[in-house]
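**Student:** First the structure, then my questions, so here it is.
The values are calculated or read from the model by the stated rules, or taken from the named source; none is laboratory data. Treat the numbers as computed from the prediction; the structure is a model and nothing was measured. Don't worry about glycine lacking a Cβ; one is built from the backbone with ideal geometry, like all the others, and counts go over all protein chains shown. These accessible areas exclude ligands, DNA and RNA; they are computed on the full protein's heavy atoms, side chains included. Shrake-Rupley method; radii C 1.70, N 1.55, O 1.52, S 1.80 Å.
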Amino acid sequence: QVQLVESGGGLVQPGGSLRLSCAASGIIFSRYRMGWYRQTPGKQRELVGDITSYGTIFYVDSVKGRFTISRDNAKNTVYLQLNSLRPEDTAVYYCKALYVNSVYWGQGTQVTVSS
């Protein structure tokens, strides 16, 4: 049984930081491209960034220089470090695992940026 479990969300003030984790089980983690997405009510889920099995990283423009993706294959975990947070970063953050035709999603973790 495949599971992706996100953690680390919460309430933070503008300019603050959070570190999200996504722990995977039931897959050969090192083979998977791992992505972070976010979604706000009434909007489509959008890509934040991803990291390939080789370690190549992509970020969307709105988070470049503020967010950092990393992975630890020994721990089957992908991370999203969120710095310089803005109110518009408020969303439910999801991780996704992708390998060929296999796609798995976590349940999401809420990030709220507010003073």
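**Student:** Among the listed residues T68, T77, T109, which satisfies the condition of being under 13 Å from the mean Cα position of the chain (by Cα), under 19 Å from Q1 (Cα atoms) and among the β-branched types (V, I, T)?
**Tutor:** T77
**Student:** What number goes with the only condition from (1) open to solvent by less than 40 Å² (accessible area, probe 1.4 Å); (2) in a loop (DSSP other than H, G, I, E, B); (3) in contact (Cβ under 8 Å) with a residue 24 or more places away in the chain that P14 does not pass?
**Tutor:** (1)
**Student:** Take I27 and tell me if it is part of a loop (DSSP other than H, G, I, E, B), open to solvent by less than 40 Å² (accessible area, probe 1.4 Å) and within 20 Å of Q107 (Cβ to Cβ).
**Tutor:** yes
**Student:** Every residue in the range 33-77 that is without any contact (Cβ under 8 Å) to a residue 12 or more places away in the chain and either closer than 18 Å to G9 by Cα or surrounded by 16 or more Cβ atoms within 10 Å (Cβ to Cβ) (or both), please.
**Tutor:** Passing the criteria: P41, Y59.
**Student:** Also, I was wondering about something else. Quick one: L85 ticks every box in (1) exposed (fewer than 14 other Cβ atoms within 10 Å of the Cβ); (2) outside any strand (DSSP E or B); (3) not hydroxyl-bearing (S, T, Y) except a single one, so which number is it?
**Tutor:** (1)
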